[in-house]
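J.: Pasting a structure below so you can have a look.
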């Protein structure tokens, strides 16, 4: 798959502090790429550098096959931090103004506005002033504004931040659809790990300005050194004390349930418990999620 974005050793400093530190990043065409990290990790600064909104100190950015900063912008659109509108104007009027600035006019602009309003589900609310819009509606309108230019790649900075559950689902569905049906490559920065796992096929985890892990969600979920098993036993505390520490790590005990980490197969854990005189009523692998990976990477 061709690369939509390649970043090599991107660096940006503020005084003696490196907000972005020799960052490498790759996004493939068609990806919904989750750009993860704790607050203050450098995600927004990195995105601003990639988009040319602030100057980078070092590094190379190839965006949509081009290294020229001016040409790069022709195929991309972005929502960085909280989108702003003229709130005394309607959604349609805001889009009309954005279209004018983008070189559209007349019937071409009218058709483009109808197309993007339909795409984000705001046709019925298009003639309301945006001051009455919910946060979720404002985010969808911001995406509509981006879509006026028919971008090949879309950058979204914390798009579900502050949304209620219904708004988060709407945004998830929209982002998935943009990638699947419109062929738009999407980079989503977020610290909401469950949201990223729900919509992204590839992720990069950044901390203190550096890339700590990158790959497909499936590969990262399989990357643990040792799996964890949920074990139920009538004498759970006694079993926890009896299991040899060199082969088994008991991570927690809750009533009659243990979480046991081991590099050995599940049947070896079951056999060892039996040899120690314990009968297991449950032995099941614990499914990892992106939060587990995130915490391990940043530990």
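The values are calculated or read from the model by the stated rules, or taken from the named source; none is laboratory data. No experiment lies behind these values; they were computed from the predicted model shown. Quick reminder, even Gly has a Cβ in these numbers, built from the backbone with ideal geometry, and neighbours come from all protein chains shown.
J.: Please work out if residue 81 is in contact with a strand residue (DSSP E or B) (Cβ under 9 Å, 6 or more places away or on another chain) and modelled with pLDDT of 95 or more. If you could, list the steps in order and put the result at the bottom.
T.: Values: in contact with a strand residue (DSSP E or B) (Cβ under 9 Å, 6 or more places away or on another chain): yes; modelled with pLDDT of 95 or more: no.
No, not satisfied.
J.: Here's something else I'd like to know. Spot the failing condition for residue 235; the list is (1) within 14 Å of the chain's Cα centre (by Cα); (2) at negative phi, and only one is missed.
T.: For residue 235, the failing item is (1).
J.: Of the residues 175, 186, which single one is in contact with a helix residue (DSSP H, G or I) (Cβ under 6 Å, 6 or more places away or on another chain), within 22 Å of residue 28 (Cβ to Cβ) and either outside any strand (DSSP E or B) or modelled with pLDDT under 90 (or both)?
T.: Values: 186 fails: either outside any strand (DSSP E or B) or modelled with pLDDT under 90 (or both).
On inspection, the qualifying residue turns out to be 175.
J.: Can you give me the ranges of the helices (runs of 4 or more DSSP H) entirely in region 3-120 with at least 1 residues that are without any contact (Cβ under 8 Å) to a residue 24 or more places away in the chain? Even if it seems obvious, please write down each step before you answer.
T.: Working: elements: 43-50, 69-72, 91-101, 106-120.
Qualifying helices (runs of 4 or more DSSP H): 69-72, 91-101, 106-120.
J.: Ok, one more. For region 199-226, what are the residues that are outside any strand (DSSP E or B) and surrounded by fewer than 18 Cβ atoms within 10 Å (Cβ to Cβ)? Spell out how you get there, then give the answer.
T.: Just the residues of region 199-226 that are outside any strand (DSSP E or B), to begin with: 199-201, 208-209, 217-226.
Matches in region 199-226: 201, 208, 218, 219, 221, 222, 223, 224, 225, 226.
J.: What number of residues within region 238-292 are assigned to a helix (DSSP H, G or I), in contact with a helix residue (DSSP H, G or I) (Cβ under 6 Å, 6 or more places away or on another chain) and free of Cβ contacts under 8 Å to residues at least 12 places away in the same chain?
T.: Total satisfying the criteria: 0.
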